[in-house]
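Okay, so here's the structure we're looking at.
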Amino acid sequence: MSPQPTSTNRVALALEDMKEGLCSIHVWPMLGWQEIKQRYRRSALGPFWITLSTGAMIGAMGPLYGKLLGQDFGAYLPFLGIGMIVWMLIANLLNESCATFTSASGYIQQLKLPLTVHVLRTVFRNLIIFAHHLVVIAIVLFFYPPKLDWTLLLMPVGVAFIAINAVWLGILLGLLSARFRDIPQFVGSLVPLLFFLTPVIWKPEMLGRYRWAADINPVTHFLEAVRAPLLGEPVSWQTWVALTATTIVGYTVALIAFSRFRTRIAYWV
Amino acid sequence: MTTPRIKADSVVVEFPIYGSQSRSFRRTFIRAATGGRLARDSADRVVIRALDGVSFDFREGDRVGLVGHNGSGKSTLLRVIAGAYVPVAGSLDVVGRVASMLSITLGMDPEATGFENIFLRGAIMGLSPSEIEERVDEICAFAELGDYIDMPLRTYSSGMSMRLAFAISTSLKADIILMDEWLSAGDASFTAKAQKRLLELVEQAKILVVASHSPETIHTNCNRILRLDHGSVAGETTLVAMPHGTGMDESSRLAQPDSNARERSKPESSVPKMSQLSLEERLQIWTSRGQPSYDENNLVTWSQSTDFLHDERFLAAYRRGMASGHNLSMFAGSDGDLRIRWRVAMYCWAARHAARLPGDFVDCGTGTGIYSLAVCHYIDFNATGKSFWLFDTFEGIPEEQMSDDERTLGRADENQARFGPCYERARENFAPYPKARLVRGKVPDTLATAAVDRVCYLSIDMNIAYPERAALEHFWPRLVTGGIAILDNYGWLPYRAQKAALDEFAAQNGVEVMMLPTGQGLLIKA
């Protein structure tokens, strides 16, 4: 370890951290599972409580917003249901990314674990909870089956994009939140706003000539990449471009920040 | 294979303090009573400099003890070595597998079962599931949890969870072991077993770094002491020659003062040999131990229990003895306390023991009654129904009984300065004890005048050899079985004539005087 690492050296060390973190496959899945178990220990339904409440919310909102927006009920309910579930995954990732490092201060200040482990733990945990919620989607699709074709296979690709992007998001938000404790509050207030700006309850085409307002929102594309295949709709090429671009830009920014401040995180948390 | 090593070169660790937009912090170093130095970094933020240019080179065989008061940087240094904190300046090289025992419960979940916790904690320690699988039976057996291993950790007693945490954390062999205070676990019966296991682990490790406030820990387990103060190395001591390299390295500034030190110490030995150290080094070790538990009358200890110092009954008796109106204080303005608590405690113990035996109490060399008053008060002498025979000239040491040697060693001066007529004072002091009998005159002349047949307690403190030996010769045959004799000046070098005379008597009678650390001699009649 040289006293003043060069910038290339720093990037290499940051990448090493990410690689080592990813390779610690017996650490982060276990920590993620443990957190879920901790949260729902001795609760009979466990994570399915959120599934239930989400299901109930969709059941109530579906007819209401379907009516308000003049939508065909059979088409709207799957749209809303899937949208809500995917949105919850994204919203939780946004919120919980902020606590990625601060909530692991005990580990960070005492152990030499790759910091990426804590990011992966957060992502893994949310994917597990998302998997529970797939039950709601399954029920909705059972009653209102879409035309199923090969596009369904793109759904895991969409989820993978969310997971991959959640990693850089976790690094960046976790790092910023460790240093600036206003960030979690800021993100916490931004997420509900984002909910209304993202086509979860409304459809982008309802905006007519203002559709671009939905398209410039990256969250729209993450949502689309999972929702459209489940509804049997094609995923537009713009969405894939947007996701790829977001991934590249996100990792670049996160890697710059992580390289520069990785060793400071232990002092901040 | 690379050799384990920890090399630090001017390591600096600074904790930024956010949210204290401090008006009061000037552009200067502020030296706090404890803790790291407060400073400002280049960006003008307030920082705590927890480590300030720490350099060292720990190599194979080093057993390093980190000492220093709270906030001196010991724990921070351990965390830096563990790899949690990266120094803001300087460099640190750690070669070898590190087992960090800084927090052995880290990663354990109270809601998870003991069994699950073995896997949780194991993963945190860097073990793969298969590696944990290999150890799990051994850990369960060692922790002695029985069927509890399948119960949630929250149902455990604190001793049980410590046992489990200890068993897991000590199951991993490593090149470098880091500990913040020596680990201990569980109840008394488990402790011995746990210590054995920990010592075995430490034994096989190449480097040990332990931070501790306990002198025993440091001196039992370490061969190097690194003293931190305000985040800097305030001193480094090497206790024995290192097994590696040339034996000594340049960083041990105070190590082995002379060149043949290495030949005197055996490299394979890891036990520090205090006798080989210079006075300066010893002073440093003593200082590192903090407050002694006892420091009076040429007797200093840091580790021994001194419970009697908190025994109110003893202290009251002690105060009574000190208030006897003696003239022995060396310093003007003294409160009369001679600071000889441990010596007095020996008499009190002997008296309590003797009170249950047949026979009387005898004190040769009573003076104003410093010891015997304390004894009477301590055992409530009137309740024993015994007589207390108190022999003394009550006017100092008879000059004609002194040998030339004793005169040279200062007995005559002592007589002049400290012993004057005190008969009246002694009579007054012992007035509450009707069966305390003062026998005034020179020992041994007076011994025959007193009708003492059986003695259970004999105190001899006449500061010269001739009457002391005569008194012991007179009373030894009269001492009952189990009776105790305490020879006050026995082990004190300026009174060596007495030791020679008393040893001679003892040898003739087939006994040996027990030399107490207080300088007193002890005989028990068989």
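Key figures
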| quantity | calculated |
| --- | --- |
| Residues A:67, B:525 arranged by fewest to most Cβ contacts within 10 Å | A:67, B:525 |
| Net charge of neighbours whose Cβ lies under 12 Å from the Cβ of residue B:191, counting Lys and Arg as +1 and Asp and Glu as -1 | +3 |
| 3J(HN,Hα) from dihedral phi, region B:381-394, Karplus parametrisation 6.51/-1.76/1.60, rounded to Hz, x for glycine, proline | 4, 4, 6, 7, x, 8, 9, 10, 8, 10, 9, 5, 6, 6 |
| Dipole magnitude of chain A about its Cα centre (Cβ charges: Lys, Arg +1; Asp, Glu -1), debye to nearest 20 | 640 |
| Protection proxy ranking of B:309-316, A:119-126, A:247-254 - average other beta-carbon atoms within 10 Å, highest first | A:119-126, A:247-254, B:309-316 |
| Translational diffusion of chain A, µm² s⁻¹ [Kirkwood Rh, Cα pairs; Stokes-Einstein; 20 °C; 1.002 mPa s] | 108 |
| Prolate/oblate/rounded label for region B:101-205 (Cα gyration tensor, a/c 1.5) | oblate |
| Contact order relative to length of chain B, as percent, for alpha carbon pairs under 8 angstrom and 6 or more apart | 11 |
| Charge context of residue A:102, other residues only, Cβ under 12 angstrom, K/R +1, D/E -1 | +1 |
| Burial ordering of A:142, A:258, A:161, A:195, fewest other beta-carbon atoms within 10 Å first | A:142, A:195, A:161, A:258 |
| Other-chain or far-sequence residues with amide H under 5 Å of residue B:389's (modelled H) | B:361, B:362, B:363, B:437 |
| Whole-Hz ³J(HN,Hα) from phi, Karplus 6.51 cos²θ - 1.76 cosθ + 1.60, for region B:6-16, glycine and proline x | 10, 10, 10, 10, 6, 5, 10, 10, 10, 9, x |
| Leading residue at positive end of dipole, chain B (Cβ point charges), from B:510, B:421, B:483 | B:421 |
| For region A:30-180, alpha-carbon Rg relative to the globular expectation (2.2 N^0.38 Å, N residues) | 1.20 |
| Crossing angle, helix A:155-179 versus chain A [Cα axis fit, 0-90 degrees, rounded to tens] | 40 |
| Percent RCO, i.e. relative contact order, over region B:96-198, from Cα pairs under 8 Å lying at least 6 residues apart | 38 |
| Violating pairs (Cα-Cα greater than 22 angstrom) within the set A:112/B:74; A:112/B:173; A:37/A:112; B:386/B:525 | A:37/A:112 |
| Net charge contributed by nearby residues that have their C-beta within less than 12 Å of residue B:456 (K/R +1, D/E -1) | +4 |
| Volume per residue of the C-alpha convex hull in region A:84-168, rounded to whole Å³ | 87 |
| Listed residue (A:232, A:212, A:191) projecting farthest to the positive dipole end of chain A, Cβ model | A:191 |
| From phi via Karplus (6.51, -1.76, 1.60), per-residue ³J(HN,Hα) for region A:16-33 in Hz, x at Gly/Pro | 4, 4, 5, 5, 4, x, 4, 6, 6, 6, 9, 9, 5, x, 5, 4, x, 4 |
| Label-point gap, in nm, between residue A:23 and residue A:210 - each point 7 angstrom along Cα→Cβ | 5.2 |
| Kirkwood-based shape ratio for chain B, expressed as Rg/Rh from alpha carbons | 1.10 |
| Chain B: calculated mean residue ellipticity at 222 nm from DSSP helix runs of at least 4, using -39500 (n - 2.57) | -9500 deg cm²/dmol |
| Under-5 Å amide H pairs with residue B:177, H placed in peptide plane, nonlocal only | B:99, B:207, B:208, B:209 |
| Cα-centre dipole for region B:308-524 with unit charges at Cβ (Lys and Arg positive, Asp and Glu negative), debye to 20 | 720 |
| Length added when fully stretched, residue B:280-residue B:293, from 0.36 nm per residue minus Cα-Cα | 2.5 nm |
| In degrees, nearest ten, helix A:237-261 long axis to first principal axis of chain A (Cα) | 20 |
| Sequence-distant residues sharing a close amide H with residue B:55 (under 5 Å, placed H) | B:10, B:11, B:233 |
| Shape box of the protein assembly as shown [Cα atoms, principal axes, largest first, Å] | 128, 57, 55 |
| 0 to 90° range, to nearest 10: angle between helix B:114-124 axis and chain B longest Cα axis | 70 |
| Residues in region A:64-103 reached by a label modelled at residue A:143 [backbone nitrogen below 18 Å; 7 Å Cα→Cβ] | A:64-68, A:71-86 |
| C-alpha center-to-center spacing [region A:146-203, region A:33-52] in angstrom | 22 |
| Contact order normalised by residue count of chain A, Cα under 8 Å, 6+ apart, percent | 29 |
| Computed magnitude of the charge dipole of region B:402-447 (debye, nearest 20; Cβ of K, R +1, Cβ of D, E -1) | 380 |
| Sorted by Cβ neighbour density within 10 Å, fewest at the top, the residues B:513, A:117, A:11 | A:11, B:513, A:117 |
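Read the figures in this text as sums done on the coordinates, not as results from a lab. All values derive from a computational prediction rather than experimental measurement. Methodologically, a virtual Cβ is constructed for each residue, glycine included, from the backbone with ideal geometry; neighbour enumeration extends over all protein chains shown.
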